[in-house]
1. Per residue, how much accessible area does the chain show when a 1.4 Å probe rolls over the protein heavy atoms, in square angstrom?
2. So, with a 1.4 angstrom probe, what is the percent of accessible area on the chain that is carbon and sulfur?
3. Please name which of Gly52, Pro144, Thr62 has its Cα lying farthest along the dipole of the chain towards the positive end, using unit charges on Cβ (Lys, Arg +1; Asp, Glu -1) and the Cα centre as origin.
4. Could you derive backbone 3J(HN,Hα) for the range 162-172 from the dihedral phi with the Karplus parameters 6.51, -1.76 and 1.60 (θ = phi - 60°), listing whole Hz in sequence and x where the residue is Gly or Pro?
5. Note down the net charge around Arg96, summing +1 for each Lys or Arg and -1 for each Asp or Glu among other residues with Cβ under 15 Å from its Cβ.
6. Out of residues 5 or more away from Gly52 or on other chains, whose amide H comes under 5 Å of its own, with H placed 1.01 Å from N in the peptide plane?
7. I need the phi-derived Karplus couplings for the range 26-42: 6.51 cos²θ - 1.76 cosθ + 1.60, θ = phi - 60°, integer Hz, Gly and Pro marked x.
8. Pull up all non-local amide H partners of Lys28: gap of 5 or more, or a different chain, and H-to-H distance under 5 Å with H placed in the peptide plane.
Amino acid sequence: DYLSVSDGRSKAIYDESGEVVIKGRYEKIDFVNDTLIRVQVKGKKGLMNREGKWILNPVFDTIDEKDGLVLTLIKGKIGCYDPSINELIETGYDERLTRFGENYLAKKNGKFGVINFESEPVISFNYDQITHWNDSSLLVKKGPDYSVINRQEEPVTEPLESLRLILKNDQQSIYRFIKDGKYGLVSNQYGTLLSSEYS
């Protein structure tokens with residue numbers, strides 16, 4: 001438990017034993033999560049740890065946390081700080097980044113891609129949607145069509161129309177798809193279950 005105290009000019013946070021965690025002439029200080037403290041200086045936000053050491057200097061318009069990643073925003077562009085590896089991913093993305101295995105799903109210039117913590121593309125920014133398919137493949141949407149691709153972005157299936165999840169359990173997910181106006185079924189673990197020949 002922590003106590004936030006303000007005297008109008010400076011602000012402080014005290015821990016449960018009455019020790020000062022952070023004190024200074026800050027406009028605002030509050031916890032983002034159990035270990036990280038958001039600090040505002042001259043209208044800009046930064047991040048400190050509970051020992052009062054700066055993790056991110058106060059240069060950001062917004063800082064908040066969701067699902068273990070800290071969003072950073074500068075002039076409408078989004079980046080993030082990953083506390084689990086103590087790395088800052090540069091701002092420059094359209095939406096909040098999310099974990100994608102060891103990497104991050106990101107959106108840039110209206111398209112989705114996957115980047116590593118050094119902001120290098122692992123999967124190019126060419127897709128309207130990207131989700132995990134199985135351990136070795138991804139399900140991507142490009143225009144009206146869906147495809148399953150491997151990590152080298154090579155197609156594993158032919159393009160599929162109107163993909164719809166109809167069953168999900170511990171073993172597999174089964175989707176109904178349309179190809180050339182006919183229906184079929186495909187599994188993320190076992191491939192095509194029914195070829196597209198049903199009305």
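1. 59
2. Summing carbon and sulfur atoms, their accessible area is 46 percent of the total for the chain.
3. The residue sitting most towards the positive pole is Thr62.
4. Once rounded to whole Hz, the list reads 6, 6, 9, 5, 10, 7, 9, 9, 5, 8, 6.
5. -3
6. Those lying under 5 Å, H to H, from Gly52: there are none.
7. 9, 6, 8, 9, 7, 7, 8, 8, 5, 10, 10, 10, 8, 10, 10, 9, 6
8. HN-HN under 5 Å from Lys28: Gln40.
The values are calculated or read from the model by the stated rules, or taken from the named source; none is laboratory data. Note that this is a predicted model, so its numbers are computed, not measured. Every residue, glycine as well, gets a Cβ built from its backbone with ideal geometry; the counts of neighbours run over all protein chains shown. SASA here: full protein model, heavy atoms, side chains in, ligands and nucleic acids out. Shrake-Rupley method; radii C 1.70, N 1.55, O 1.52, S 1.80 Å.
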